[in-house]
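What follows is a short report on a single structure.
Only the coordinates and a few stated rules stand behind these numbers; no lab work does. This structure is a prediction, so every number in the text was calculated from the model and none was measured. Reconstructed Cβ throughout: ideal geometry from the backbone, glycine too, with neighbour counts over all protein chains shown.
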Amino acid sequence: MSQAVITSSWPLPENGVRLVIAPKLRRQLERHPLGAGCYPQALGFYPQAAGHRMRRTRHEDHLLIYCRAGQGWLKVGEQHYEVRGGDLLLLPAGVAHEYGADSQRPWTLYWVHFAGTHSAAFIELLGNRPWRRIGVLPRLLAEFEALLALQKQGLSLPHYLHAAHQLQSLLSYVAVLPAQLTLKSGRRLDVEAVHSYMRQHLPDQLNLEQLAAQFKLSRFHFARVYRELTGHSPMQDFIQLKMAQACRLLDEGELNVRQVAEQLGYDDSYYFSRLFKQVVGIAPSHYRALHQG
């Protein structure tokens, strides 16, 4: 694959970085058991990228872009997204796309093209959404900077294997970041705020109507937006949080299964046990036995 296919030919500004992994090293990563799963093909940093623009109708790797500052735009199919600092763009292999910097306030970007036998699984983990607003996060900036340190290393395979694992760490970190979305009304739905409210009400039997009302949305709109941001239903995640708390209570060992069920708002301990087994994979009594001694 040529450099032009992987990256744009946009002229680098001062302090810009564009590193395309040498073909020989890419082949080594593809064959190595510690690299083949997911490895970088090219990566870079474009500060205040005036005039930056790219259009791909066909490409064979995945692309992750993190906008650190400024503004730009992304078009995928019929969808058009306004991009600003703190936005993350995810463009899987085979998805035609076009993007560019704003002419007045050009964006500053980190980016990485990646491939590998497990790369599609990372795309699935990230939710396969082309645009996500996560905010400007110091840890994520540091993760990209650590990955870019590869340019200062020699062309030795161990450095590139390390970079492959740094990339996987970065992708898995992004996967657990709470998403947020500004609604047409101007209000913002923040998944972490929803989860915080859920955690405050673990002993209660919250329903979708109550959750939606808390965030001043209709039941249908709340469920749709929440699923769009997370890939799950809100009630699925509420049950997951309840069962995580059940695990903690069982680990502590002071309450029996019936008391744990009551702590989490379940009057029927048999129903609680069935739900626990469905989520955790084993009955609560067996879970407790595994964590004793």
Distance from the range 103-174 to the range 29-95 (C-alpha centre basis), Å: 10
Which whole-number percentage describes the relative contact order of the chain, with Cα contacts under 8 Å and a sequence gap of 6 or more? 14
About its Cα centre, what dipole magnitude does the chain give when the only charges are +1 on Lys and Arg Cβ and -1 on Asp and Glu Cβ, stated in debye to the nearest 20? 720
So Leu137 and Arg27, fully extended at 0.36 nm per residue minus their Cα-Cα distance, gain in nm 36.3 nm
Name the residues whose placed amide hydrogens come within less than 5 Å of the amide hydrogen of Asp61, ignoring near sequence neighbours (fewer than 5 apart) on the same chain. Gly94
At most 13 other C-beta atoms within 10 Å and a DSSP loop state: those are the exposed GluC sites (Glu not before Pro) I care about. Give me the longest piece of the chain that has none. 79-253
Can you tally the lysine pairs in the chain where the Cα-Cα distance is under 21 Å and the two residues are eight or more apart, or on different chains? 4
Candidates Gly44, Gly16, Gly154, ranked by Gaussian network fluctuation over the chain, Cα under 10 Å, top entry: Gly154
Have a look at Leu64, His97, His32 and report the one farthest towards the positive end of the charge dipole of the range 22-106, computed about the Cα centre with Cβ charges (Lys/Arg +1, Asp/Glu -1). His32
From the phi of every residue in the range 159-167, what ³J(HN,Hα) in whole Hz does the Karplus formula 6.51 cos²θ - 1.76 cosθ + 1.60 yield, where θ is phi - 60° and glycine or proline is x? 5, 6, 5, 4, 4, 4, 6, 4, 4
Everything considered on the Cα gyration tensor (a ≥ b ≥ c; rounded for a/c under 1.5, else prolate if a/b is larger than b/c, else oblate), the range 181-290 must be described as prolate
Given +1 on the Cβ of Lys and Arg, -1 on the Cβ of Asp and Glu, and no further charges, what dipole in debye does the range 3-177 carry about its Cα centre, rounded to the nearest 20? 180
Calculate, for Gln200 and Val176, the FRET efficiency according to 1/(1 + (r/R0)^6) with r their C-beta to C-beta distance and R0 22 Å; round to the nearest 0.05. 0.60
Suppose every Lys and Arg Cβ carries +1 and every Asp and Glu Cβ carries -1, with no other charges. What dipole size does the range 220-265 come out with about its Cα centre, to the nearest 20 debye? 240
Can you match Rg and Dmax of the Cα atoms in Å to one of these, (i) 22.5, 98; (ii) 22.6, 66; (iii) 18.8, 61, based on a calculation from the structure here? (ii)
Row for the range 10-51, column shape: gyration tensor on C-alpha, a ≥ b ≥ c, rounded if a/c < 1.5 i.e. under 1.5, prolate if a/b over b/c, else oblate; value prolate
Using each residue's phi in the range 244-255, evaluate 6.51 cos²θ - 1.76 cosθ + 1.60 at θ = phi - 60° and report the 3J(HN,Hα) Karplus result to the nearest Hz, with x for Gly and Pro. 5, 5, 4, 4, 4, 5, 5, 4, 5, x, 8, 10
Can you work out the PRE-style zone for Leu241? Point 7 Å along Cα to Cβ, and I want the residues of the range 198-226 with backbone N under 17 Å. 198-217, 222-226
Once you have the Cα-Cα distance between Glu124 and His221, take 0.36 nm times their residue separation minus that, and quote the gain in nm to one decimal. 32.5 nm
